[in-house]
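J.: After the structure tokens below, expect a handful of questions from me.
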Amino acid sequence: MYCAIVCAIIAVVAYQALVELPELGSIKHWAGSDLRIHDVLISVGTFLAVPLLLWRIRIADRHAEASHAQAEASHALARSAGEQVVLGVDRLAKELLRDQSRLVAERFERAVELFGHDKASVRLGAVFAFEQVARVSPEHASAVRAIVAAWLRDNIPPFVQGRPKEPDPDRIGDRSLLDILYALLRIPAPLERGTRSFLDLRELNFVKADLQEAQLEGARLDRARLHQANLHRAVLIDACLKEADCWGSDLSGASLVGADLQAVRFRKADLAGAQLTNAKAEGADLSEANLTAANLSGAALLNADLTSVRAERADISKAKLDGARLIDADLRNSDLRGASLVGASLVEARLAGVKLNDAILRDCILSNADLSGACMDGIDAAGAGFDGAVLTGARLHGAKLGEAIGLGFDVLKYAEGDERTELPADLSRPDHWRGSISNPGDPLSSRRDCG
């Protein structure tokens with residue numbers, strides 16, 4: 001392209017020179033025509049300057065092309081170096097992972113070897129090594145917990161026929177069993193439910209053992225002796241404690257969601273703030289236990305013994321308490337909405353401020369119970385006995401009391417009802433009940449939220 005431009009310029013200049021050639025020999029022409037001299041000089045200057053300018057432009061273009069090529073090469077080199085770095089880091093990470101796996105496997109094998117040592121202190125050290133292995137390598141957690149649990153089953157005396165078997169002093173050192181147990185129950189379980197191992201600690205003797213915050217999810221503790229054990233904030237989700245003895249144990253803040261607690265002895269146990277949602281506790285002994293602010297929603301407590309239990313502010317909604325004994329129970333301000341208490345005994349129970357909305361109280365015994373201020377909207381109390389019960393300020397909107405026993409006008413006149421409340425045929429409806437809905441200004445009309 002540059003050559004074509006130069007050739008065109010030369011051709012123009014040559015043409016002009018040829019045109020002027022016949023007059024070049026005339027001195028008169030040169031002397032008398034400044035304009036033509038000027039034109040010739042411009043043509044000659046252009047002839048010399050344009051090629052030089054084009055050459056400089058060409059040189060500049062070549063420099064630009066070289067710089068661009070160098071930049072491309074630098075970028076390619078940088079990309080290659082980056083790829084090499086990534087590959088190097090990846091290889092290093094894989095090597096480190098292999099080294100870590102090898103070290104974990106070696107530590108695990110060494111811990112297994114030391115765990116069979118005669119000295120209790122060495123065995124305890126092996127358990128703590130197990131714990132570190134389980135935390136670094138979750139895939140080893142199941143094996144670790146199974147090994148230690150098997151050793152405990154072989155060494156902790158079982159609970160046989162109501163009395164613990166005496167331990168063999170030649171096989172264990174002072175407190176070594178409890179120390180090893182304490183360490184074991186802090187070994188994390190595998191995160192995936194399908195891969196976790198269930199600790200088999202059935203029928204073992206843990207009297208007064210310190211199991212605080214123990215990880216016992218899904219553990220088998222059937223018929224274990226946990227008398228006065230410290231299980232504060234322990235995790236016992238889905239655990240099985242059938243017929244276990246937890247007399248006087250501390251289970252405050254513990255999680256027993258979905259646990260199997262059938263026939264467990266919780267007498268005088270502290271379960272304050274415990275989570276027992278959907279727990280199965282049929283026939284359990286919870287007499288004199290502390291269930292303050294506990295959550296038993298949806299729990300099955302059929303035929304359970306809750307005599308003199310303390311359960312203020314507890315959530316017992318939708319629980320099944322058919323046939324349960326709640327004599328002298330303290331359930332003040334608790335939530336029993338939708339609960340089933342068919343045939344339950346609540347003689348002299350303290351139920352002030354309790355929410356019983358839509359609860360089933362058929363054939364329930366409420367003799368001398370204090371139901372003052374209770375929300376009882378929509379209850380089904382067919383066949384229930386209210387002899388001596390206090391209903392002052394209780395709300396009975398839509399309650400089914402048509403077949404209730406022991407209700408008198410002198411009791412109902414201090415309660416609140418409406419036109420939907422069903423009463424026995426021989427019992428007249430208090431006058432102020434008619435104003436509960438139609439006359440909101442009635443001083444006896446309820447302002448409470450019973451929902």
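The values are calculated or read from the model by the stated rules, or taken from the named source; none is laboratory data. Since the structure is predicted, the reported quantities are computational estimates derived from the model, not experimental observations. Positions of Cβ are backbone-derived with ideal geometry, glycine not excepted, and every protein chain shown enters the neighbour counts.
Every residue, every condition in (1) modelled with pLDDT under 95; (2) under 23 Å from Val207 (Cα atoms); (3) among the aliphatic types (A, V, I, L, M), yes or no:
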{"site": "Ile237", "(1), (2), (3)": "yes, yes, yes"}
{"site": "Leu241", "(1), (2), (3)": "no, yes, yes"}
{"site": "Gly253", "(1), (2), (3)": "no, yes, no"}
{"site": "Ala259", "(1), (2), (3)": "no, yes, yes"}
{"site": "Phe266", "(1), (2), (3)": "no, yes, no"}
{"site": "Ala272", "(1), (2), (3)": "no, yes, yes"}
{"site": "Ala289", "(1), (2), (3)": "no, yes, yes"}
{"site": "Leu296", "(1), (2), (3)": "no, no, yes"}
{"site": "Ser308", "(1), (2), (3)": "no, no, no"}
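J.: On the basis of being under 27 Å from the mean Cα position of the chain (by Cα), surrounded by fewer than 24 Cβ atoms within 10 Å (Cβ to Cβ) and either over 19 Å from Ala329 (Cα atoms) or not charged (D, E, K, R) (or both), does Glu312 make the cut? Step through it out loud before you land on a result.
T.: Numbers: under 27 Å from the mean Cα position of the chain (by Cα): yes; surrounded by fewer than 24 Cβ atoms within 10 Å (Cβ to Cβ): yes; either over 19 Å from Ala329 (Cα atoms) or not charged (D, E, K, R) (or both): no.
No, not satisfied.
J.: So if I check each of Asp154, Asp179, Asp170, which one is modelled with pLDDT under 75, charged (D, E, K, R) and part of a loop (DSSP other than H, G, I, E, B)?
T.: Asp170
J.: For residues that are assigned to a loop (DSSP other than H, G, I, E, B) and in contact with a Lys or Arg (Cβ under 6 Å, 6 or more places away or on another chain), scanning just segment 382-422, find the one that is surrounded by the fewest Cβ atoms within 10 Å (Cβ to Cβ).
T.: Across segment 382-422, the extreme among qualifying residues is Gly383.
J.: Here is a further query. Could you check Glu213 against (1) of a type in the set (Asp, Glu); (2) in contact with a strand residue (DSSP E or B) (Cβ under 6 Å, 6 or more places away or on another chain); (3) surrounded by fewer than 19 Cβ atoms within 10 Å (Cβ to Cβ) and say which number it fails?
T.: Glu213 satisfies all of (1) of a type in the set (Asp, Glu); (2) in contact with a strand residue (DSSP E or B) (Cβ under 6 Å, 6 or more places away or on another chain); (3) surrounded by fewer than 19 Cβ atoms within 10 Å (Cβ to Cβ) except (2).
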